[in-house]
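Working notes for the structure below.
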Amino acid sequence: MSDPDVVQIPSAFDPFADANAEDSGAVAKDYVHIRIQQRNGRKSLTTVQGLKKEFSYNKILKDLKKEFCCNGTVVQDPELGQVIQLQGDQRKNVSTFLVQAGIVKKENIKIHGF
């Protein structure tokens, strides 16, 4: 059936093919990612990325700061675009705020950290 002079080379196996396919699907669903970044000691930052570009980030930030009594800023990242940063662990607060304000649906929010 097989010629003894012909050597069969197995096809290359890519263990990350499924992960790459999932990543491309996540971009299509437009998830909003809410993350926490640990600073020094007990200090932390909450970052919000993936909001649609049609929204005014500064107005959303102003409402978030007023609602949760914390400081924050909008940072321009070369890879991620505009990212909202808030002081403290505001992950649950931000997710409920975004849903109640009608900015995103609950199933399109991903909360990361701890």
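The values are calculated or read from the model by the stated rules, or taken from the named source; none is laboratory data. These figures come from a predicted structure and were not determined experimentally. As a convention, Cβ positions derive from the backbone with ideal geometry for all residues, glycine included, and neighbour counts pool all protein chains shown. These accessible areas exclude ligands, DNA and RNA; they are computed on the full protein's heavy atoms, side chains included. Shrake-Rupley method; radii C 1.70, N 1.55, O 1.52, S 1.80 Å.
When region 75-84 is filtered for residues that are open to solvent by 40 Å² or more (accessible area, probe 1.4 Å) and touching a strand residue (DSSP E or B) at 6+ places or on another chain (Cβ under 8 Å), the ones remaining, listed by number, are Val75, Gln76, Asp77, Leu80, Gln82.
Taking region 36-49 as the range and being more than 11 Å from Ile103 (Cβ to Cβ) and open to solvent by less than 80 Å² (accessible area, probe 1.4 Å) as the test, the residues that pass are Ile36, Gly41, Ser44, Leu45, Thr46, Thr47, Gln49.
Of all residues in region 50-64, those satisfying the criterion of being open to solvent by less than 50 Å² (accessible area, probe 1.4 Å) and either over 15 Å from the mean Cα position of the chain (by Cα) or over 21 Å from Lys110 (Cα atoms) (or both) are Tyr57, Ile60, Leu61, Leu64.
Listed here are the residues, each with its yes/no results for (1) among the hydroxyl-bearing types (Ser, Thr, Tyr); (2) surrounded by 11 or more Cβ atoms within 10 Å (Cβ to Cβ); (3) modelled with pLDDT of 90 or more.
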| residue | (1), (2), (3) |
| --- | --- |
| Lys29 | no, no, no |
| Lys66 | no, no, yes |
| Gly88 | no, yes, yes |
| Leu98 | no, yes, yes |
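Kindly indicate whether Gln90 is within 13 Å of Arg35 (Cα to Cα) and either touching a Leu at 6+ places or on another chain (Cβ under 8 Å) or free of Cβ contacts under 8 Å to residues at least 12 places away in the same chain (or both). So Gln90 fits the description; yes. Filtering region 75-87 to residues that are within 14 Å of Ile34 (Cα to Cα) and among the hydrophobic types (A, V, I, L, M, F, W, C) leaves Leu80, Val83, Ile84, Leu86. Checked against (1) outside any helix (DSSP H, G or I); (2) in contact (Cβ under 8 Å) with a residue 12 or more places away in the chain, Gln76 passes all but a single condition, namely (2).
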